[in-house]
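Q: Before I ask anything, here is the structure I am working with.
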Amino acid sequence: MDQIELAMGLNAQFGLPLEEQITALREVGFNGFFAYWRRDTDFAALKRAGDQAGMAFQFIHANQMLMEHVWQETERTEEAVDELFSCLRDCADNGIPLMVAHAIDGFDWHTPTPMGIRHFEKLVQEAERLHVRIALENAEGEEYLAALMERFQGNPYVGFCWDSGHEMCYNRKDMLALYGDRLLCTHLNDNMGMSSQDGKMDWQDDLHLLPFDGIGDWEEMMGRLEKTGYHDMLTFELKISSPPSRHENDPYRKMDIRDYFTQAYMRSCRVAALKKRARVHALQAEKTVL
């Protein structure tokens, strides 16, 4: 059975320059990385550092903070749309094959608009021209993700990014059952689920803990992931800083960052082992049927 490759996101929280993070992640065993889009980021430098380290630059994660302006006419609509196109061009200019984007950001948005669909239609046209795929991530505002996945059904340039933590604290449903057949990448992380007893979503529940430090049933999740037929890189999106009213991530900040990267790699290997086990069980089940 082929070796499962592992990737992890770069993050300013880690305290090292991004190029040094790439080298440090490679030293502990990771095969790839991704970066968040900012206008002042030198993605060419990150690509060079990745190439030198033998690390795949898997995708750039678009800024989600202005996404509501893509769907409605405001003074920031042009800026929000331009950020998406700029991220897409940065991918193309640096040979990065994939851009990850949220459909919306925030808990108060539930009604997709024709204007927003039109903006994404133009974005996807540009993606096709540049030969860069777009992976839409599950987060809050599931109606927006559903509208875009329906609109671009069958388009090979639009797929899905599964965030395991978002599923636990925002979606509360099997997102892989909905979009797993279009899965292009993962954001794997853990959390404690929803803290509110009345079912109200809270962004501070999105902790991005190391796998096995939260309530996630990783054997069950990897079983579902295996059923999608996804056999590409497993990518982890992790954080060492707790949200303002939480403390679950605090122990990570006490660790030397390279020790944290080592721990992240060890946990990632455990997740990959569960994915392999699910594959073995699936193959055994096929033989039994035959």
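Q: What net charge do the residues around Pro97 carry, taking every other residue with its C-beta under 15 Å from that of Pro97, with Lys and Arg at +1 and Asp and Glu at -1?
A: -3
Q: Between Ser195 and His231, what is 0.36 nm times their sequence separation minus the Cα-Cα distance? Round to one decimal in nm.
A: Computed gain between Ser195 and His231 is 9.7 nm.
Q: Further question: So who's got an amide H within less than 5 Å of the one on Glu5, skipping anything under 5 residues away but keeping other chains? H placed 1.01 Å off N, in plane.
A: Leu234
Q: Counting only DSSP beta bridges with both residues in the chain, tell me the antiparallel percent, nearest 5. Could you put the intermediate results ahead of the total?
A: Working: 1 of 28 bridges.
In the chain, DSSP labels about 5 percent of beta bridges as antiparallel.
Q: Peptides 77-87, 204-214: what's the order by average Cβ count within 10 Å, highest mean first?
A: Highest mean packing first, the order is 204-214, 77-87.
Q: Note down the accessible area of His187, probe 1.4 Å, to the nearest 10 Å².
A: 0 Å²
Q: Please work out the C-alpha center-to-center distance from the range 210-224 to the range 1-25 and express it in whole Å.
A: 21 Å
Q: In Å², what does the accessible area per residue of the chain work out to with a 1.4 Å probe?
A: 46 Å²
Q: Which one, Trp71, Gln125, Leu98, projects farthest toward the positive side of the charge dipole computed for the range 26-128 from Cβ point charges (K/R +1, D/E -1)?
A: Leu98
Q: Just the number, please: carbon plus sulfur as a percent of the accessible area of the range 178-290, 1.4 Å probe, no ligands or DNA/RNA counted.
A: The C+S portion of the solvent-accessible surface of the range 178-290 is 52 percent.
Q: Using the Cβ atoms and a cut-off under 13 Å, what net charge is assigned to the surroundings of Thr235, where Lys and Arg are +1 and Asp and Glu are -1?
A: Local net charge: -4.
Q: Using the Cβ atoms and a cut-off under 12 Å, what net charge is assigned to the surroundings of Arg267, where Lys and Arg are +1 and Asp and Glu are -1?
A: -1
The values are calculated or read from the model by the stated rules, or taken from the named source; none is laboratory data. If you're wondering where the values come from, they're calculated on a predicted model, not measured in any experiment. We place every Cβ from the backbone using ideal geometry, glycine too, and count neighbours over all the protein chains shown. Heavy atoms of the whole protein, side chains included, go into the accessibility calculation; ligands, DNA and RNA do not. Shrake-Rupley method; radii C 1.70, N 1.55, O 1.52, S 1.80 Å.
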